[in-house]
Amino acid sequence: MRKFLLFFLLFLSGHLYAQDSRIINIEAGELALSLWKGSDGRLYQLGFGNKSRKISVPEKMPARETEWFPCYGNGYIAEPSLQVTHADDNTSTDLCYKNHSVIQKENGVSETVISLQDEQYPFFVDVHLLCYDYYNMMEMWTEIRHQEPGEVILYKYASASPLLKAKKYWLTQFNGRYKHEATMEEELLSTGMKTLNSNLGVRAHYYGIPSAILSLECPADEEKGEVFGASLRWSGSYQMTFDLNWSRQLRAIVGINPAGSHYYLSPDSTFRTPSVLWCYSGEGTGKLSRQFHQWAYQYGIRDSQKDRPVLVNNWEATHCDFDEDRLSDLFKEAHTIGAELFLLDDGWFGNGQYARNDDRHGLGDWQEDRSKLPHGLSYLVRKAKSNKIDFGIWLEPEMVNPLSSCYQTHPDWIISQKGREPILGRHQQILDINRPEVFSFEKKIFDDVLGKNKGIAYVKWDCNRFVTQPGSSYLKHSSHLLVDYTWRLYKLMDYFSNNYPNVMGMICAGGSGRVDYGSLPYFHSFWPSDNTDPMDRIKIQWGFSYFFPASTISSHVTRMGKRHLKLAIDVALSGAFGVDLNLTTASKEEKQQLKTATELYKSEIRPLVMHGLLYRLSSPYENSLAALSYVSPDKKKAVLYLYQMKEDSSRSLCLRGLDPSSTYSLREVNKLDDAVKRYDGVYSGRELMEKGLSTLLSHQYESAVIVIEKK
């Protein structure tokens with residue numbers, strides 16, 4: 001009887017908790033956000049994490065430090081999520097809960113909108129939470145509007161600022177610089193603030209991408225532990241602030257970097273922040289990454305089911321020095337190794353004194369160089385087709401060289417500050433696409449290049465400098481420049497993807513200066529780094545894999561680093577495969593190696609790279625061996641990559657993601673002719689995952705690619 005009574009009381013308390021009208025529960029699979037409507041009208045956060053964790057109903061008013069979307073100037077003293085100056089010069093804001101609604105968008109996807117208002121002003125903030133049940137993910141953003149009698153100035157406007165609660169927090173960031181992108185660094189957070197940011201405006205991710213991982217209680221682990229991943233869908237300046245207070249609560253404030261970007265909001269207009277993706281895993285970073293990847297296939301990248309073509313790029317072979325005959329020779333060589341597309345890189349445009357023979361000339365003059373290409377781009381498209389390959393083109397539509405007809409005609413089109421001598425970056429300036437005539441000009445670039453040259457199948461969209469003088473001669477408020485530029489950029493990207501749906505796209509910015517889920521819905525892949533040394537690329541691509549699927553990571557074979565070609569090929573086979581070396585000077589043996597790898601990629605590996613589930617098995621940051629695999633969703637086939645980073649003796653490697661009750665055959669592929677059979681054999685899935693596979697590699701620069709198939 002006592003047990004029954006205890007069970008009844010527990011059930012009753014849980015039922016009352018569920019019916020408590022003061023609590024707002026928002027769930028996305030295993031991830032739950034719990035909010036409390038306080039008697040003071042404000043919203044407080046009770047929990048953010050695994051939905052199975054018990055949330056205590058407050059017996060009294062919570063402390064202000066747990067306010068859900070705290071504002072500056074009205075009693076809240078920590079780092080605020082929102083800071084504004086009202087039309088009457090009042091610098092304080094106090095948001096109170098008004099209502100909320102839930103909309104079922106599709107199966108497994110719902111949107112909650114929480115409406116807040118300042119009690120003293122007609123000032124409104126709607127917080128949107130798009131919940132993806134299958135991926136344990138919430139997408140958060142805010143929409144700000146008002147009906148005050150004049151402009152309200154927004155000084156700070158976070159997309160979201162949830163609280164996390166644990167005893168310890170480890171932060172992993174993905175920083176770097178040119179040729180050292182996505183370098184992983186993990187640290188234990190101490191009391192105070194840690195900020196990751198960019199104020200570069202354009203090509204903003206030059207020193208770090210707007211994505212981070214938080215691990216609770218212990219350092220991040222691939223297989224276990226509670227971790228959160230945050231990724232801002234924004235290609236401009238960003239800020240991620242992690243504020244750990246004295247009571248060990250961590251507020252994560254993520255959004256646009258407000259530095260120099262205060263925004264004058266007119267009455268009845270709406271300011272929308274970019275959204276931030278918050279993903280939760282209770283089983284380590286491996287599961288977190290797979291959730292991000294699966295979400296991206298559905299919502300985050302363009303044409304996720306479309307195979308990325310094997311391409312040959314001419315840059316390493318020719319730079320800007322080429323003509324139709326030289327390109328025709330490369331077309332033939334590309335076809336010989338089995339490539340599907342030829343990408344003509346920089347140097348094809350500009351005429352006369354502004355011909356693009358170096359990086360000082362021609363940007364903005366997007367007409368074929370008639371001295372190099374007398375028959376135009378359409379001729380090259382036909383010539384490539386005659387060699388049974390598609391043709392792609394390089395564009396940098398946002399940029400202009402002073403040594404160009406475009407700049408000489410329209411010097412007022414660039415981003416610049418009044419009274420300042422323009423500062424060049426890579427001998428070029430940035431066109432201000434906030435100007436309607438510039439936006440029309442840039443749309444016309446696509447119409448002239450793609451619309452008039454039917455059959456171009458691919459665009460590499462580059463961006464090679466950042467903003468150094470954020471001013472606009474067109475905008476009323478230059479402080480709007482960086483924010484408005486990014487939104488206009490997305491409209492331009494949308495124009496490209498919608499008007500030319502059969503033209504695939506790679507986003508590039510001198511490497512990974514623009515890697516985020518704001519731009520990727522318009523592109524099929526991104527260029528992670530100009531550093532293609534395979535030993536460096538292993539780490540670079542490893543870092544990006546935490547948030548972005550392999551199908552988006554362009555991975556090409558080059559001669560950089562002077563490693564042997566097999567290692568370069570084996571690394572490139574783990575992403576969107578391509579070749580960036582001079583095929584006309586390659587040896588017969590090298591061409592055969594590339595042909596064999598291309599055929600292997602298209603026939604066996606590409607389906608796994610495009611759609612398989614990633615398992616990172618041995619980190620190049622921690623071990624002498626780097627290892628990863630992609631496993632088909634039905635567990636019938638997998639591909640395993642092994643890269644020896646340092647001299648070391650052989651050891652055992654446990655695989656992941658296989659069916660323990662099934663039998664698998666292993667077959668090493670892309671072997672050199674004299675290679676011994678190191679991995680061929682038959683094993684049970686349980687044996688491969690529990691006992692492991694002897695790696696047999698020991699010498700630095702050795703590598704192996706193994707195909708695993710269910711018997």
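The values are calculated or read from the model by the stated rules, or taken from the named source; none is laboratory data. None of the values given here were measured: they were computed from a predicted structure. When we count neighbours, we look across all protein chains shown, and the Cβ atoms used for this are built from the backbone with ideal geometry, even at glycine. Remember, those area values only see protein heavy atoms, side chains included, never the ligands or the DNA or RNA. Shrake-Rupley method; radii C 1.70, N 1.55, O 1.52, S 1.80 Å.
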For the stretch 125-176 the GluC sites (Glu not before Pro) that pass both the DSSP coil test and the at-most-14 other-Cβ-within-10 Å test are none
Pseudo-spin-label distance Lys306 to Thr195, built 7 Å along Cα→Cβ, given in nm, is 4.0
The Kirkwood hydrodynamic radius of the stretch 176-270, taken as the inverse of the mean 1/r over all distinct Cα pairs, in Å, comes to 15.2
Counting only protein heavy atoms with a 1.4 Å probe and every protein chain in place, the carbon and sulfur fraction of the accessible surface of the stretch 15-99 in whole percent equals 45
Taking Cα pairs closer than 8 Å and at least 6 residues apart, the relative contact order of the stretch 522-653 in percent is 18
Sorted by chain and then number, the residues having a modelled amide H within less than 5 Å of the amide H of Glu283, at least 5 places away or on another chain, are Val227
Heavy-atom accessible area of Thr270, protein chains in place, probe 1.4 angstrom, given in Å² to nearest 10, is 80
Kirkwood radius from Cα pairs of the stretch 376-441 plugged into Stokes-Einstein at 20 °C, 1.002 mPa s, gives D in µm²/s equal to 151
extent check for the chain: Cα max minus min per principal axis, descending, whole Å, gives 80, 70, 41
accessible surface per residue for the chain, probe 1.4 Å, DNA/RNA/ligands not counted, whole Å² -> 39
On the accessible surface of the stretch 161-301, probed at 1.4 Å with all protein chains in place, carbon and sulfur together account for a percent value of 47
Simple spin-label estimate for Arg64/Leu672, 7 Å along Cα→Cβ, in nm, reads 6.9
Here the relative contact order (percent) of the chain, from C-alpha pairs under 8 Å and at least 6 apart, is 10
Per residue, the convex hull enclosing the alpha carbons of the stretch 405-477 has a volume in Å³ of 111
Expected unfolding gain across Glu622-Lys476 under the 0.36 nm per residue rule, minus the alpha-carbon gap, is 47.4 nm
Here the stretch 417-425 yields Karplus 3J(HN,Hα) values (6.51, -1.76, 1.60; θ = phi - 60°; whole Hz; Gly and Pro given as x) of 9, 4, x, 10, 6, x, 9, 8, x
Expressed in angstrom and rounded, the centroid-to-centroid distance over alpha carbons for the stretch 293-356 and the stretch 507-521 is 17
Computed on Cα atoms, Rg of the stretch 539-619 relative to 2.2 N^0.38 Å comes out at 1.12
Computed over the stretch 285-345, the relative contact order (Cα-Cα under 8 Å, seq sep at least six) in percent reads 40
For the stretch 259-297, listing trypsin sites (Lys or Arg not before Pro) in a DSSP loop whose Cβ sees at most 15 other Cβ atoms within 10 Å gives none
Volume per residue (Å³) of the convex hull spanned by the alpha carbons of the stretch 440-593 is 150
Any GluC sites (Glu not before Pro) in the stretch 614-683 that lie in a DSSP loop and have at most 10 other Cβ atoms within 10 Å would be Glu622
Taking protein heavy atoms only, a 1.4 Å probe, and rounding to whole percent, the accessible area of the stretch 506-572 owed to carbon and sulfur comes out at 51
